[in-house]
1. In region 38-50, how many are surrounded by fewer than 18 Cβ atoms within 10 Å (Cβ to Cβ) and either touching a helix residue (DSSP H, G or I) at 6+ places or on another chain (Cβ under 9 Å) or within 19 Å of residue 212 (Cβ to Cβ) (or both)?
2. Tell me the helices (runs of 4 or more DSSP H) entirely within region 170-286 that contain at least 3 residues that are of a type in the set (A, V, I, L, M).
3. Among the residues of region 32-56, how many are of a type in the set (A, V, I, L, M, F, W, C) and part of a loop (DSSP other than H, G, I, E, B)?
4. Looking at (1) modelled with pLDDT of 95 or more; (2) within 17 Å of residue 203 (Cβ to Cβ); (3) buried (at least 19 other Cβ atoms within 10 Å of the Cβ); (4) among the hydrophobic types (A, V, I, L, M, F, W, C), which one does residue 32 not meet, given that it meets all the others?
5. Taking into account only those residues within region 115-128 that are in a loop (DSSP other than H, G, I, E, B) and within 7 Å of the ligand (Cβ to nearest atom), which is surrounded by the fewest Cβ atoms within 10 Å (Cβ to Cβ)?
6. All but one of (1) part of a loop (DSSP other than H, G, I, E, B); (2) buried (at least 16 other Cβ atoms within 10 Å of the Cβ) hold for residue 67; state the number of the condition that does not hold.
7. Which condition from (1) closer than 15 Å to residue 182 by Cβ; (2) touching an Asp or Glu at 6+ places or on another chain (Cβ under 6 Å); (3) among the small types (Gly, Ala, Ser) is the one that residue 138 breaks?
8. In a loop (DSSP other than H, G, I, E, B), of a type in the set (A, V, I, L, M, F, W, C), modelled with pLDDT of 95 or more and within 15 Å of the ligand (Cβ to nearest atom): is that true of residue 102 in this structure?
Amino acid sequence: MTADPAPRAVAASLLPGRALPGAAYTGADLFAWEMEMLWNRAWTPLDRGGARHRAHWLGRAWSTTADLPAPATWFGNLGELLSGYDLPALTPVETRCDEVAANWKLIMENYLECYHCATTHPELSQVQRTRGGEDFVATGNWLGGVLELRNTARTMSLDGSGPDWSFPGLAEDAVRQVRYHAALPGLFVTAMPDYVVVHRLEPLTAAATRVVCTWLFHPDLLAACDPGYAVDFWGTTNAQDYAACESVQRGVSNRRYVPGPLGTEESALQRFLEEIGAAYAGTAVARRPAPARAAA
Ligand SMILES: [Fe+2]
């Protein structure tokens with residue numbers, strides 16, 4: 001890792017148990033370093049040019065400029081945990097592309113916690129519990145967790161209604177859960193009992209990120225119902241999240257911004273920030289080693 005002054009300057013101002021300083025979200029030099037060190041040297045769902053390796057995994061294309069283990073190994077147990085959703089078999093029913101005036105890390109941070117849900121997402125809060133979730137034990141380069149559907153809701157829709165259908169291969173508890181998976185650094189896979197939504201991040205500048213959201217349905221369900229309930233729900237939720245991230249970007253860009261303490265239920269977010277901080281400091285790569293595969 002190069003002794004680049006931009007990340008080291010941010011690393012020097014990190015405070016334990018607190019959010020990143022404002023410079024982490026605003027500096028052009030730091031952003032360029034992140035693209036080279038955190039994005040080009042990971043498997044991402046983007047081909048940013050100069051990719052040396054490409055792969056197809058979870059039904060989509062991945063690329064990297066580094067010599068890395070295959071995505072199935074790099075992302076540890078992510079593939080196993082998503083296997084019940086049969087991603088390669090799903091059909092995209094809608095894709096929306098939004099340019100969000102926020103640093104890519106703020107969008108990641110927003111995804112990794114639900115403290116903001118009660119105030120930011122009135123519709124989501126009616127159909128999914130916003131607290132009391134559990135983090136996954138992630139063994140590869142990803143983070144995530146689970147939140148339960150409320151008793152009155154069948155799935156993530158604006159009124160909680162949904163089809164009498166769920167992915168056939170799901171574990172019993174997954175039928176009543178919303179499962180959030182962030183494949184670092186650039187892909188979110190949100191898995192409902194009956195459909196999947198994928199957000200792909202594409203950092204543009206330190207203060208702007210393109211987000212491509214795709215709704216995925218199983219062909220069997222698509223033959224029986226209109227996916228509009230899912231498109232409407234996440235269209236609403238995305239707009240709320242993007243506005244919240246843009247508001248935070250304005251806050252961290254203020255010279256008077258002081259990083260606040262992290263909450264007790266923000267463990268996945270804290271892990272992400274620790275990895276970013278370690279990468280800035282050059283004390284560790286922002287990656288966990290892939291585990292040795294257990295015998296089946
Ligand atoms: Fe949100």
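1. Residues in region 38-50 being surrounded by fewer than 18 Cβ atoms within 10 Å (Cβ to Cβ) and either touching a helix residue (DSSP H, G or I) at 6+ places or on another chain (Cβ under 9 Å) or within 19 Å of residue 212 (Cβ to Cβ) (or both): 3 in total.
2. Ranges flagged: 228-252, 267-281.
3. 4
4. Here residue 32 meets the rest and fails (3).
5. That would be 116.
6. Looking at each condition in turn, residue 67 falls short on (2).
7. (2)
8. yes
The values are calculated or read from the model by the stated rules, or taken from the named source; none is laboratory data. Quantities reported herein were computed from a predicted structural model and do not represent experimental measurements. We place every Cβ from the backbone using ideal geometry, glycine too, and count neighbours over all the protein chains shown.
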